[in-house]
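Q: Structure below; questions to follow.
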Amino acid sequence: MKNILIKIGGNAASQLTPAFFETIKHWQKNNYNITIVHGGGDSISTLMTQLNEPVVKIDGIRQTTPTGLAITKMALLGQVQPDLVEAFRHHGLSAIGLNAESNQLLTGHYINQEVFGLVGQIDQVNSQLIQSLWQQNLIPIIAPLAITNQGQWLNVNADSAATAVAKFLKSDELYLLTDVSGIEVHGNILQQLTPQRAIELQTESVIHGGMLPKVNSAFSAVRNGVNAVHITNTIASHGTTISM
């Protein structure tokens, strides 16, 4: 039975088309197990600006202070996730919103507290919880937050979170949905991306900013058992594919 994980970016979340939901329905009819990990960068940045909290990013990763973390949780769990769950239900799909505290769903550690603050990486995923929801024909919609063994909440880059969940679920395919149709080189979308080509494109600054953690996450996923990762703006197209 195939299992597919889709990471929906903060921008993409408000732009999901009826065709997207029809594809999900088609996959479910074919007994695919679907999992969603969502971002919410724009909502977080907007809320932080409104509350006079500085927005600082280093290599595409958001620095997170205790106030910034509270705002991030507010945006992800109070706005982005409920809107997504409602959108799925509106299109006749049963979905459930989950976060790190849902039966210890996502456990993690700091990546570099001095540089990034309360930003983490996921060490452990409660795969059994997700599998039990699949059995009920529910689509888990997961926020990119983790909790340390000491109970500290951490902000997690959504691409990194999606990759970690895909690895633990042994996903066949991971779609990293973004607002571009793939990685563009000289006006053309790159169909395949190899590690060597990725290094070249980083050196040329073709891959930079928010695309950098996306590409690094994709390679981490395929090195850890995910068959293929697609960087694209629609699940109807593979965009740029990364595979072993």
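The values are calculated or read from the model by the stated rules, or taken from the named source; none is laboratory data. Remember, predicted model here, so these are calculated numbers, not experimental data. Heads up, the Cβs are rebuilt from the backbone with ideal geometry, glycines too, and the neighbour counts pull from every protein chain shown. These area figures cover heavy atoms from the full protein model, side chains too; ligands, DNA and RNA do not enter into them. Shrake-Rupley method; radii C 1.70, N 1.55, O 1.52, S 1.80 Å.
Q: Is at least one residue of region 103-113 open to solvent by less than 50 Å² (accessible area, probe 1.4 Å), aromatic (Phe, Trp, Tyr) and over 16 Å from the mean Cα position of the chain (by Cα)?
A: no
Q: Shifting gears a bit: Give ILE235, ILE231 a once-over and let me know the one that is farther than 21 Å from GLY120 by Cβ, touching a residue at least 24 places away in the same chain (Cβ under 8 Å) and in a strand (DSSP E or B).
A: ILE231
Q: Now a separate question. Determine which single condition ALA236 fails, assuming it passes every other condition in (1) closer than 25 Å to THR23 by Cα; (2) surrounded by 16 or more Cβ atoms within 10 Å (Cβ to Cβ); (3) hydrophobic (A, V, I, L, M, F, W, C).
A: Here ALA236 clears every test but (2).
Q: Give ILE189, ILE199, ILE147 a once-over and let me know the one that is aliphatic (A, V, I, L, M), more than 16 Å from ILE36 (Cβ to Cβ), without any contact (Cβ under 8 Å) to a residue 12 or more places away in the chain and open to solvent by 10 Å² or more (accessible area, probe 1.4 Å).
A: Answer to the selection: ILE199.
Q: Scan region 205-220 residue by residue and report those that are open to solvent by 50 Å² or more (accessible area, probe 1.4 Å) and either modelled with pLDDT of 90 or more or under 12 Å from LEU193 (Cβ atoms) (or both).
A: Of everything in region 205-220, those that are open to solvent by 50 Å² or more (accessible area, probe 1.4 Å) and either modelled with pLDDT of 90 or more or under 12 Å from LEU193 (Cβ atoms) (or both) turn out to be VAL206, ASN216.
Q: Any idea which residue in region 79-91 is nearest to PHE116 (Cα to Cα), counting only those that are open to solvent by less than 60 Å² (accessible area, probe 1.4 Å) and out of contact with any helix residue (DSSP H, G or I) (no Cβ under 6 Å at 6 or more places or on another chain)?
A: Step by step, filter region 79-91, then rank; the result is GLN81.
Q: Another question about this same structure. Looking only at region 114-144, how many residues end up being open to solvent by 10 Å² or more (accessible area, probe 1.4 Å) and part of a loop (DSSP other than H, G, I, E, B)?
A: Looking only at that region, the number is 5.
Q: Tell me which of these VAL156 doesn't satisfy, since it passes every other one: (1) of a type in the set (A, V, I, L, M); (2) in contact (Cβ under 8 Å) with a residue 40 or more places away in the chain; (3) surrounded by fewer than 20 Cβ atoms within 10 Å (Cβ to Cβ).
A: (3)
Q: Would you pick out the residues in region 46-76 that are open to solvent by less than 30 Å² (accessible area, probe 1.4 Å) and free of Cβ contacts under 8 Å to residues at least 60 places away in the same chain?
A: Hits for region 46-76 are MET48, ILE71, ALA75.
Yes/no matrix, rows are residues, columns are (1) farther than 30 Å from SER205 by Cβ; (2) modelled with pLDDT of 95 or more; (3) assigned to a helix (DSSP H, G or I):
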{"site": "THR67", "(1), (2), (3)": "yes, yes, yes"}
{"site": "LYS73", "(1), (2), (3)": "yes, yes, yes"}
{"site": "ASP83", "(1), (2), (3)": "yes, no, yes"}
{"site": "LEU93", "(1), (2), (3)": "yes, yes, no"}
{"site": "GLU101", "(1), (2), (3)": "yes, no, no"}
